[in-house]
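Note sheet for the following structure.
Please treat every number below as a calculation from the coordinates, not as lab data. Keep in mind the model is a prediction, meaning the values are calculated, not measured. Every residue, glycine among them, receives a Cβ derived from its backbone with ideal geometry; neighbour counts consider all protein chains shown.
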Amino acid sequence: GAVVSQHPSWVICKSGTSVKIECRSLDFQATTMFWYRQFPKQSLMLMATSNEGSKATYEQGVEKDKFLINHASLTLSTLTVTSAHPEDSSFYICSARDPGKGSYNEQFFGPGTRLTVL
Amino acid sequence: KQEVTQIPAALSVPEGENLVLNCSFTDSAIYNLQWFRQDPGKGLTSLLLIQSSQREQTSGRLNASLDKSSGRSTLYIAASQPGDSATYLCAVISSNTGKLIFGQGTTLQVKP
């Protein structure tokens, strides 16, 4: 149990286009989902926290108009990178949390999405 | 502000050696501490999770300890194998913010 999937696993796009990444909890309902970004040879940095049915909370320095997050259901959150530029190229990883699953506050991670903007 | 530091940044050992990875955190107000493994270009694999009230957790050849008062954790890998080569990440959940804060990771290479 506690499986989280992401789609697509990798995407290449042209500068200026928008890209949507999906994060799904497959066998549990995720009241909270998180989006992280990881640049090469660096650690994961939290971008935003989203709770089902409410607006996402963004970390300092993350542009909410550029990284649109929607958590419309208890099993799906989407991250849309709008007007992507080469500097947005990164590894995006989502995680999901259900208070009734695993240890308290434990997050379950998706496999990540590699975004390359040309 | 919680900060997580991992030492060393990189480590290369011959196969069969026992090794210790270190993690330290600045704020002892944590819910738990977790060790992850990340292979190149891949997502995270959770290895061990230690609750704040616990001192250690074991899984196979892995043993993780937690000393919350001193802000330290160690991951002990016994009888290392080439397949253990990966980046190991330490992360804590802050009880103040509920957020998971990651260290920079230790990249381990086990040579046959």
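Over segment A:47-118, the Kirkwood radius and the radius of gyration, each from Cα atoms, give a ratio Rg/Rh of 0.98. In sequence order, segment B:48-63 has phi-based couplings of 8, 10, 10, 5, 4, 8, 9, 10, 7, 9, 10, 8, x, 7, 9, 9 Hz under the Karplus curve 6.51 cos²θ - 1.76 cosθ + 1.60, θ = phi - 60°, and Gly or Pro positions carry x. Unpaired Cys in the protein assembly as shown, meaning no second Cys C-beta under 4.7 Å: A:13. Sites listed here are chymotrypsin sites (Phe, Trp or Tyr not before Pro) in segment A:1-43 whose DSSP assignment is loop and whose Cβ has at most 16 other Cβ atoms within 10 Å, and the list is empty.
So the label point goes 7 Å from the Cα of residue A:29 along Cα→C-beta, right? Which residues of segment A:63-103 then have their backbone N under 17 Å from it? What the label zone holds, given the 17 Å backbone N cut-off, is A:71-77, A:96-102.
For a 23 Å ceiling on Cα separation, which of these pairs sit above it: B:68/B:111; A:14/A:66; A:14/A:64? B:68/B:111, as the Cα separations exceed 23 Å there. Among the trypsin sites (Lys or Arg not before Pro) in segment A:44-118, those located in a DSSP loop and surrounded by at most 12 other Cβ atoms within 10 Å of their own Cβ are A:55.
Potential lengthening of the chain between residue B:12 and residue B:95 amounts to 26.4 nm, from the contour at 0.36 nm per residue minus the alpha-carbon distance. Compactness of the protein assembly as shown is given as radius of gyration and Dmax, 17.7, 51 Å, from Cα positions. Put the Cα centre of segment B:26-89 next to the Cα centre of segment A:40-118 and the gap is 23 Å. Enter the Cα centre distance for the pair segment A:1-33 and segment B:7-25, rounded to the nearest angstrom. Computed from Cα coordinates, the inter-centre distance equals 32 Å. Each residue, residue A:54 and residue A:114, gets one label point 7 Å from its Cα in the Cβ direction; the gap between the two is 3.7 nm.
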